[in-house]
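Following: one structure in structure tokens, then a few remarks.
The values are calculated or read from the model by the stated rules, or taken from the named source; none is laboratory data. Given the structure is predicted, the values throughout are model-derived calculations rather than measurements. Reconstructed Cβ throughout: ideal geometry from the backbone, glycine too, with neighbour counts over all protein chains shown.
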């Protein structure tokens, strides 16, 4: 917490505005719109997953439709596809950013079209805050006329060509879960330059109640709106977002400086000056899965949490039956990769302790 959160939450209590909607929700949406720029409109919701679900609904995704999804991601990127009865088509990563490979994306689209099933949407994830290869992916999207949903759940504060992530796709989603770079405890947002879509998201997220003096519903609705209290936390968090990005990037730079001489450690670097990652999590690649596991165990024995990279969706028991396009680059990343402590409040001695354990174990 940055401190300013109390002011907005206290206002909700002082005005007795504990009901789901209120001034903090409107203010939080405005703060996000101002931060992202590019004439986007924002609907503040209960989670990033809710935002992605509504994005698919707004795009008209129905049972039997196919939606392309990055395989290297958390399951929340893929679950809403199945909520709609649609079919996820998983695409491998490329090695520069660890995000969706444009080459495999194109292969997947052309193969699905040849089978008579043109995909209805592309879900691209900015993994750990690193921008995907957006020029190539957007070009493919436009060529085949398939809308993009940016999963920027981990990437608020990241930029590509000095433009905030979340403003490149037809729609984008953000997450303010407790582990994100800023948090509302639980929350998310749908972002789009199409104001009609965010208006529809607000309508659907409040149980799709029609304009009438009584309770009348012509559409299936959802309880997906953020509360006025949690939005107040979000308003305070927005005041320290840039500071949080600086802290996370400083963590990465310190780890890189102290570990760069170690044998067999690779970092996910920004591929060029146009890439700016918020460094939500610092991640390492080791020479082998065994070496990764040794480091994980050594940290765990000192009560220091680390985690393997996301296990690719096409390797998950619930998703392994669905098509996958690629060479299992993401599988190798999962086997050799580790997320190490990256919190905004880490002290230098905390970072030095992690580094000492890694070096002594190697």
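Which members of the range 160-180 meet the condition of being assigned to a strand (DSSP E or B) and either modelled with pLDDT under 95 or closer than 19 Å to residue 102 by Cβ (or both)?
Of everything in the range 160-180, those that are assigned to a strand (DSSP E or B) and either modelled with pLDDT under 95 or closer than 19 Å to residue 102 by Cβ (or both) turn out to be 160, 163, 172.
Name every residue in the range 236-262 that is in a helix (DSSP H, G or I) and farther than 22 Å from residue 159 by Cβ, in order of residue number.
236, 257, 258, 259 - these are the residues of the range 236-262 that are in a helix (DSSP H, G or I) and farther than 22 Å from residue 159 by Cβ.
For the range 265-275, indicate whether the set of residues that are within 22 Å of residue 69 (Cα to Cα) and out of contact with any strand residue (DSSP E or B) (no Cβ under 8 Å at 6 or more places or on another chain) is non-empty.
no
More than 23 Å from the chain's Cα centre (by Cα), surrounded by 14 or more Cβ atoms within 10 Å (Cβ to Cβ) and not in a helix (DSSP H, G or I): which single residue out of 304, 358, 295 fits that description?
Just one listed residue meets the conditions, 304.
On the basis of being surrounded by fewer than 24 Cβ atoms within 10 Å (Cβ to Cβ) and closer than 30 Å to residue 269 by Cβ, does residue 166 make the cut?
no
Could you tell me which of the residues 97, 73 is in contact with a strand residue (DSSP E or B) (Cβ under 7 Å, 6 or more places away or on another chain), within 18 Å of residue 127 (Cβ to Cβ) and either assigned to a strand (DSSP E or B) or modelled with pLDDT of 95 or more (or both)?
After applying the criteria, what remains is 73.
I'd like to check something: does the range 31-49 contain any residue that is free of Cβ contacts under 8 Å to residues at least 24 places away in the same chain and within 25 Å of residue 130 (Cβ to Cβ)? Let's see the steps before the verdict.
Start the filter on the range 31-49 by keeping residues that are free of Cβ contacts under 8 Å to residues at least 24 places away in the same chain, which leaves 33-34.
Then drop every residue that is not within 25 Å of residue 130 (Cβ to Cβ), which leaves 33-34.
Checked the range 31-49: at least one residue is free of Cβ contacts under 8 Å to residues at least 24 places away in the same chain and within 25 Å of residue 130 (Cβ to Cβ).
In the range 100-118, which residue that is crowded, with 24+ Cβ neighbours inside 10 Å and not in a helix (DSSP H, G or I) is nearest to the chain's Cα centre (by Cα)?
Among residues in the range 100-118 that are crowded, with 24+ Cβ neighbours inside 10 Å and not in a helix (DSSP H, G or I), the one nearest to the chain's Cα centre (by Cα) is 100.
Considering only residues that are part of a loop (DSSP other than H, G, I, E, B), touching a helix residue (DSSP H, G or I) at 6+ places or on another chain (Cβ under 8 Å) and more than 15 Å from residue 199 (Cα to Cα), which ones fall in the range 30-46?
46, the sole residue that qualifies.
Would you confirm whether any residue within the range 236-243 is surrounded by 17 or more Cβ atoms within 10 Å (Cβ to Cβ) and touching a strand residue (DSSP E or B) at 6+ places or on another chain (Cβ under 7 Å)? Spell out the reasoning first.
Pass one, the range 236-243, residues surrounded by 17 or more Cβ atoms within 10 Å (Cβ to Cβ): 236-238, 240-241.
If we keep only those that are touching a strand residue (DSSP E or B) at 6+ places or on another chain (Cβ under 7 Å) too, we end up with none.
No, that holds for no residue.
Restricting the search to the range 121-159, which residues are in a loop (DSSP other than H, G, I, E, B), out of contact with any strand residue (DSSP E or B) (no Cβ under 6 Å at 6 or more places or on another chain) and over 22 Å from residue 176 (Cα atoms)?
Result: 133, 145.
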